[in-house]
Every structure is written in structure tokens, then in C-alpha cells.
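Take a look at the structure below.
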Amino acid sequence: MRLSECLNHASISTLQAIAQNLHLSCTMYSKLDLVQSILESLRNPLSLAEQLDQWHEEWDVSLRRIALHRRNVFAKEEIEHLLASAGHDTVNGLQKALAQGWLFLQNDSSRRRFYIVPTDMQMALRDDFQRRWRARVEVRTDDPLVQMDEGMAALHDLHTFLQYVQQREVRLTASGAMYKRHVQQLMELFEIEESIELPQWRFGYGRRTYDYPDRLALLYDFAYDEGIVIERQDERLTVDPTRLSEFLTLGRKTQLRRLLRFYVRTYRRPIPRLHDIIETIRLLADAWTSNTSLYAICAPQIQAFYYDQPTDVWDQRIVKMLVHLGVARIGYDDDSGERWFQITKLGQELLTQDEADLPDELTYQQAALVVQPNFEIVVMVPDARMEAQIAEFAELKSSGALRVYRILDRTVERGLSLGRDFEAWRALLATRGMAPIPVNVDRMLAEWVGRGGIQAAGLGS
Amino acid sequence: MVVYPQADGRLYVSRSLDRSGHLGTNHSSLTLDDFAQPIQFFDEVTVYQVSPLRLRELARGGRSAGDVLQYLRQVAQAPIPIQVQRTIIAEMKSASLALQELTVKSTAPAADVAIALRQEKVLRAYQYNAVQAFLNGPAHGVIVMPCGAGKTVVGTAILASLRMPTLILAPNEAACEQWKQHLLAWTTLSECDLDVHADNPDKPVAIATYGRLVARDRQGQLRRLERYRQRGFALVIYDEVHTLPARWFRLTAELAAARKLGLSATLVREDGRVGDVLSLVGPVVFQTQARDLTDAGHLAPVRCVEVRVPLTGRDRQDYERGSAADKHRIAAQNRSKLDAATQICALHRAERTLVMGYYTSPLHELANRLRAPVIDGRTLHSERLRLYNEFRAGGLTVLIVSRVANAAIDLPSATVAVQLSGLYGSRQEEAQRLGRILRPNGKQAIFYSLVSDQTVEVKRAFHRQSYLVEQGYTYEIVAVDALYRGG
């Protein structure tokens, strides 16, 4: 609802209070006159700026939270709570805000009371914050030498993890964690490796924080939360094939967005203002922004969490994780110098677009892989469902910008012994390949699956 | 061109999958080859590896890590892994620091050898580049070129440019002889300037085999090594450096010299000690691939054919009962292979054919059938040279050799090679043997490998071939019957 509509619905006493506050010299008894005068005043950039200055002074943190809030409609307790963060007592605070022209009381038919910030006012507040902060952050126009950008690695490694659980017998300890051997192997297969030496205390950042390094813990918890992996009673970890295939039918960016949502949901407990912080970052860091200056702006929203000091929370729980999720990237010129922070294009998409609007570069029927004469399958266009099938008779060799599988006699043997459909697999390589399967590979495959050795081919040159 | 960078420094390059077509904006004038080295040559996707050496070279040429990263970010389809960025920065930084340390001190070598290339001799462009890469590169370095590309030519040209007292180490006597003939033909040196195992300290250029260099006398002393060390060669050339047995590495690398040059066709070893070559001799300063030279017409194209020969009868029974070692031996000495080899020689009777094998008794048996001579470990040195010369001159159409002739022998006239058996799954031997027929004589050559079907040899052959496959060669696999249906 826009400001004009809110004013039209407002009571005459509310309008009078606003007009007084704005020092308007209009007739206080004509609603039409009041509405027009208030609109005129708040739409005038100069007088609006004046009001904003005053509101900032008065509301500070509250105003910031309201400006960055996902919603613009609040219940009474909610708005009281938000206003209280600026140090006002609840009744007076609310009355005061209602008299300023940015918050309105809304009565609907069910006689429930809502408080609403007009959408155009919320936008104006947000723009105003953005302007103020921009004056305080340091940005650079050239690119830093080193750039830590993980792109969609989180998603790739999630797929790798799920594939791993599907392919191997993953046993769990009595406390339900994967054995270290598995974690080690996963780290070797992952695009982004983490140290598996964990500090003593770990809690608060998800269900399995204690057992795994941060990034793996997030991926694991997500998969668990989605019901894709199941910790079975007999201390084994398995994959629910139905849930997995449902998940994989989503577009890749949609999958990643779910992971990002899950991160915010999980980390919101230790970091209650996480959403606002991410929104602040998103508004500011479209260019390379110095980490120090960005932290200075976000700091009021960040508190220590047990042993995590506010700077730890910022570096380890927010910045590092946003980089892992492909939302942000970090750059620097030399190891000791200033760190620079930037929201990625992918990050902007994930943070602002609805699931349905997320464009996905993936079109399923196009050629997507190359079988190399050295028995490697190079996946050029990522497609988790296709890769799950590739992995039936091959194993992941390296992951990165593209994923490379290799075919070995034992991987073929394994696939056969598990009763997988070799012909369907070979057909997949043939139809999705950018080129035919190399003759030497095809021959060797035929031999491995025991289709009767070498056919006597002519020696024509 | 689209580049997909991997964390291990590999760059997968697809030329057909260019969806953006943005390479027109290549204003940085860098190319992938400036900082990466191709390691696998396939039609669809070529694989490069980021090369520290090339990065350092680039840094010495005044380029910065920023230039490389900027270029890479332009062509890459995904963010550059942080490890790759770090490697690029670290190598290029160290290059400027180590510049003084690595280049040759300007102190002139003790003696100036009067040597020059003969005027009529002209290097090919890539040979010239190889020479320059070594001369302008670090003091110690390795040049990798496929067989037939002219490693000896390059070594000779470097010797002629540096004009230093030189020791040339080669794997066997025949190779020493070849170096000698080559030096005489290509340079102004005369026979009296050369010292082949003569131990004459007055001669500026000495040639020896590795074996003689590290031979011990009756007291167990390394006398010759000691004498060579005292002679103080300024340049040591290690021919076929990758073939050096591991235990000889350290001994021969002890020779102090202002400059060391390693020459190699295949930097691949089953013992995984390629790193030793690089650390004891020096880094790869120049590398060129068979495929590029074939495309440019410098090397004859080669067809590789793996012929599956059945193992039957008594042999098969023995094979099934035998231990792992027996299995290899029985499969290698499969008697049906001799029939197949005979048939191949008949098919190619007009061409000069080289038959190679690991076990000598089948070689001798084949020699009897074909009435062709055999060179093995027991053949006298002079006899070997005579046979090689006769084969080169065309007096012999078939020559049968054991593994003594794996490397460093120039047999430019052979266009057919038959591999009866090999040293287990040695990728190096496979490449070496193929190299015997990789010659710039224009005619397509054929390389046959005889493999006993349904035995351990199949798997071994698969491994042996993997290096050549990565170099872009393809193997046709055919059943033995195909030989009899005419080719």
C-alpha cells in the first residue's frame, strides 16, 4: 500500500497529528486538504530529507530494521518490539511514530489491527540508508588481483556428497556422525576443501556443526533437513531416492537458493539480525567494497555469540559462508592487505528473485559431455541427474569449473554387480556427448562388460 | 575457445563449445601457451596444465600476474580456483627475485672451443626456438621433443652456440656413435676434436655412455666419473635423460658444470621419478608435441594397431596354471605371435620393418624364420653398427632388435614397427618404440603391437598406450584374422 492510500484510510485525528508534526499551514478540518498537504510535503525531496534526518536521530536502529524488513505490515507487538530497540517506551513510541507519516494503523474487516509502512515510504527509507552508508564505505573501481569466488561450488559439492552417500556404504558413529575417513574422502572430491581439524567448542550453527567443518556441516544439515539423506537406526547413512530426484528436478539456481535460505534460517539463531545484515550488504556491496568499512556499518547488528567475537561472527559466519554460497566474493592484492568484498551477480539473483523467476542456464537436452580417449568423461554442462547416472559406471576424478569422471574396469564391474543398466548408460554417453565415444574407449567397454571380446574388424586404412 | 579451470591447475579447453564467442576481445595479446602447457591432445577438449616454468618466463618478459589473471578471467567459463591464482602469483613473483640466481654468470667458460655449425645446415623454426629457450633460460634445463624431431640437432646447435668444453652422455654405444657422426656432419669439429671413451683430456668434446661413466673398477672406485669431474666440463648434455636408472641419477648429476642440458622424448616414468630428472638436471625449458610436428609435416603420421593374438593349446593351459610372473612371460612369448609377425612382414615386404621384443628367444626364432639378423645384448658393438648401417642403407628389409635398441638409435628408413612383447606396462617404452618410426620421411608409418588376447597383456597394453593416447594418438584394435584378410 502506498502513502497516498494510507493517508486516505487514516483517521482525521491521525492526519492532524502528522500535519502538526510537519508544521503544515493547511486547514485542519478538511481531510482532502490535509491529505494533499501531507503528500506534497513528503513528496518534496527537500522537506522529506529534513524529516528523514529527524527520524534517523529519533529511531536509529529501529528505523534501520524497519527499512530493511522483508515485510511492510506488522502486528502490534511486532512493531512495538521493533520501536523499542531505539529505547522508546512502547505506548509513547508508537504514538510518536504514527504522528510522523511513515507508519499507519490499519483496521481490516476482521477487526485485527495491523501497522503498515507504505511501500513508497519503506523504499524511501531504504534509499536514504543506502545513501548514508555509501558515503561511509570505501569502494574501488579496479579488480583486486586475487579473487575468491566459489560460484556454484556449494551446489556441486552437495551433489558430490549425495552421490557419495549413494555409491558407498557410509557408516555412522554412535553419535550419528560420518567416520573421519568418509569426511576425508569427501574433502578430496570436493571443489572446495576445508580443514577437518575442528576447534574444541562448536555449537549453535546447525545440527551437525559439532561433527563437521562449517561448509560440510551446512551441506549435510541441508540435505538432512530436506529429507534427502537419512540417518538410519542401524548407523548407516542413506539417500531417499524419491526426495533426491524431486530435488534434482529443480533448476540449479533454485536449488542453490534453497541452500541459501536454509543458511539464513540456521544461522539466524546465533545471529538474530542475519537477514538485515545480508540486506545491508546487498544494498552496498555491488562494487568492490573494503571489508573494514562494510563491517563498520554492519557492526551495530552483530553481537558476540559465546566464544565468537563480533569480528569472528562477521568473518567466519557471515562473509566466509556467503562466499561459500556464491553470493559474495572476496578479493585482495596481497596476503596482508585490505580485503575487498563484493556481491556477485549470482548473489544478486539469489537474494532478489523469486524461485519462479530464477533464470537457469541449463537446458536439458543439449549436448553436455565429452568422452575423451583416455577414458575420462568431461561434463561440460552441469546436470546433476545426468551425472548421477554417469556415476553408475564411472567415478568422480576431479571437480571444478567442470567435473571429470573416469571409467575404469573396476567402476564398470561395480556398476554391473549392482545391476545397473549398462546399455542405458552407454546410450547416455552417446546421446549427450558432443562427439561420438572414441573407438578405443568403446572397444574396451565392450570388453569389460564381456560382450564377446574384439570383433574382427578389417584392416582397411 | 572456452576455458574451464580446475583446482589442480588443469585447464580444459573446448574450441567447439563457444557459446559466448567473446574471444575477439583479446586485447591483452596473451595466449594460453604463454603460461600453460598442453598435456592431453584430444579433438574435443584439450587439457592444459598451468606451468610454473612458463609463468616465470613470462614474468621475466615483463608480464605481471595481473595480466595473466585478467586474461584467464576473460576466457574462463567459471571463477578461477584460488589455488590456481596463488600459483600464478607466487611463480611470477619468485621469477623476478630468482632472476640473477638462475641465469648464467657472465664469467666466460675456461676454454673457448672452436666450433660452429656448418653453413649449409639450417635449423627448423621449432628447433631454433628450443635452442633459444635453453640459451636464454636457466643454467640447467631439459628439452622435451618427440623422437625424430631432432634432439641431436638441437643439442649440437646449443653446443655450437656456447662453445664450451662439453661432455655428452648417451644411453648406449650406438647412440654415442650417432652423436659422433652427427657432430662431424653438422659442425666444423673434426674427428680429432672428439673423445669417445678415450679419456683424452685435451679433446674439447667427450662422448660417453652413462654405463661407462658410472662403472666401477676392480677396487670399486668410480674412476672415470672422478676423471671427468676433474676435467671440468662447462656443458653436460644428458641424452634421453628420462631413461637413466634411478640409482645413476645422483652420480651423474654430481658432475659440476656451468650448464646442463637434458634431452628427452618422453618425460614419463613408471617409477614416478620424473621429478628427479627435473630436480637433478633442471626444469623443462622447451617442449613440443608429436602431434603439432605431424600437423606441420615435420614428422610422418603413424597408425597404431593393436593386434589381438589368441593364446591357445599348451600355452593357454600353462598360462592358466602359472603364477603372475609366469603369466606375463607366457603371454609375452605366445608362439602365435611369431606367425602374426611373419604375416605382417609379408604384408609389408616392400617396406623396411623393425621387429622389437623383450624376450630374446622368440626374437631368434623369428630371425630364423625370416632369415633376418637380430641385435640383442650379446651382439658386438661393431656388429650392431654394421647392421644399423646396412638397414639404413637398404641392404636389409627386416631388422629384429631386443630392448637394447629401445632408444636413441636413428633408423629413419623404417616405416613399419612390430612390437612382439614389452617391459610390462611401460608407457615410456611404448613411446620410445613408436619413436623408432616417427621420422620425417613423409610416408605414413604403421606401429603394430602384438597382444595375447584374454591375458594380462591386454591390461598392460592398455596402460602402455595411455601416454600416447594422451598425446593424441589413437590405437585401432583388431583381431589377428584381419592380418590374413589383407590390409
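Couple of notes before you dig in:
- Note on region A:409-424: among residues that are away from chain B (no Cβ under 14 Å), of a type outside the set (Val, Ile, Thr) and closer than 19 Å to residue A:168 by Cβ, the one that is surrounded by the most Cβ atoms within 10 Å (Cβ to Cβ) is A:415.
- Listed conditions (1) surrounded by fewer than 14 Cβ atoms within 10 Å (Cβ to Cβ); (2) at pLDDT below 85 are all met by residue B:171, apart from (1).
- The set of residues in region A:53-80 that are of a type in the set (D, E, K, R) and surrounded by fewer than 19 Cβ atoms within 10 Å (Cβ to Cβ) comprises A:53, A:57, A:58, A:60, A:70, A:71, A:76, A:77, A:78, A:80.
- Test result for residue B:404, buried (at least 20 other Cβ atoms within 10 Å of the Cβ) and either aliphatic (A, V, I, L, M) or farther than 27 Å from residue B:328 by Cβ (or both): no
- Filtered residues of region A:425-449 (kept if more than 11 Å from chain B (Cβ to nearest Cβ), surrounded by fewer than 19 Cβ atoms within 10 Å (Cβ to Cβ) and closer than 22 Å to residue B:462 by Cβ): A:426, A:430, A:437, A:449
- Residue in region A:213-231 that is in the same structural domain as residue A:151 (by TED's automatic domain parsing), surrounded by fewer than 16 Cβ atoms within 10 Å (Cβ to Cβ) and at positive phi present: yes
- Taking region A:221-318 as the region of interest, the strands (runs of 3 or more DSSP E) fully inside it that hold 1 or more residues being within 29 Å of residue A:134 (Cα to Cα) are A:288-290.
- Subset of region B:210-238 [free of Cβ contacts under 8 Å to residues at least 40 places away in the same chain and either in a loop (DSSP other than H, G, I, E, B) or under 21 Å from residue B:141 (Cα atoms) (or both)]: B:214, B:215, B:216, B:217, B:218, B:219, B:220, B:221, B:222, B:229
- Region B:468-487 - residue that is facing chain A (nearest Cβ under 7 Å) and either without any contact (Cβ under 8 Å) to a residue 24 or more places away in the chain or within 18 Å of the chain's Cα centre (by Cα) (or both) and, of those, farthest from residue A:438 (Cα to Cα): B:485
- Within region A:385-408, being within 14 Å of chain B (Cβ to nearest Cβ), over 15 Å from residue A:444 (Cα atoms) and in contact with a strand residue (DSSP E or B) (Cβ under 7 Å, 6 or more places away or on another chain) holds for A:396, A:397, A:398, A:400, A:401, A:402, A:403, A:404, A:405.
- Subset of region B:380-409 (residues that are farther than 23 Å from residue B:438 by Cβ and touching a strand residue (DSSP E or B) at 6+ places or on another chain (Cβ under 9 Å)): B:383
- Pick from region B:441-467, criterion among the β-branched types (Val, Ile, Thr) and within 9 Å of another protein chain (Cβ to nearest Cβ), ranking: surrounded by the most Cβ atoms within 10 Å (Cβ to Cβ): B:446
- Filtered by the rule that a residue be touching a Cys at 6+ places or on another chain (Cβ under 9 Å) and closer than 21 Å to residue B:151 by Cβ, region B:359-407 gives a lone residue, B:407.
- Residues of region B:53-81 satisfying the condition of being in contact (Cβ under 8 Å) with a residue 40 or more places away in the chain, in a helix (DSSP H, G or I) and either touching a Cys at 6+ places or on another chain (Cβ under 7 Å) or within 13 Å of chain A (Cβ to nearest Cβ) (or both): B:70, B:71, B:72, B:74, B:75
- Failed item in (1) outside any helix (DSSP H, G or I); (2) touching an Asp or Glu at 6+ places or on another chain (Cβ under 9 Å), with residue A:211 passing the rest: (2)
- Test: residue in region A:287-296 that is surrounded by fewer than 17 Cβ atoms within 10 Å (Cβ to Cβ) and of a type in the set (Val, Ile, Thr): yes
- Scanning region A:141-170 for residues that are more than 14 Å from chain B (Cβ to nearest Cβ) and of a type outside the set (S, T, N, Q) turns up A:158, A:159, A:161, A:162, A:164, A:165, A:168, A:169, A:170.
- Being of a type in the set (D, E, K, R) and touching a strand residue (DSSP E or B) at 6+ places or on another chain (Cβ under 8 Å) is a property that residue A:225 lacks.
The values are calculated or read from the model by the stated rules, or taken from the named source; none is laboratory data. For clarity, every value in this text was computed on a predicted model and none was experimentally measured. So basically every Cβ, Gly included, is an ideal-geometry build from the backbone, and we count neighbours across all protein chains shown.
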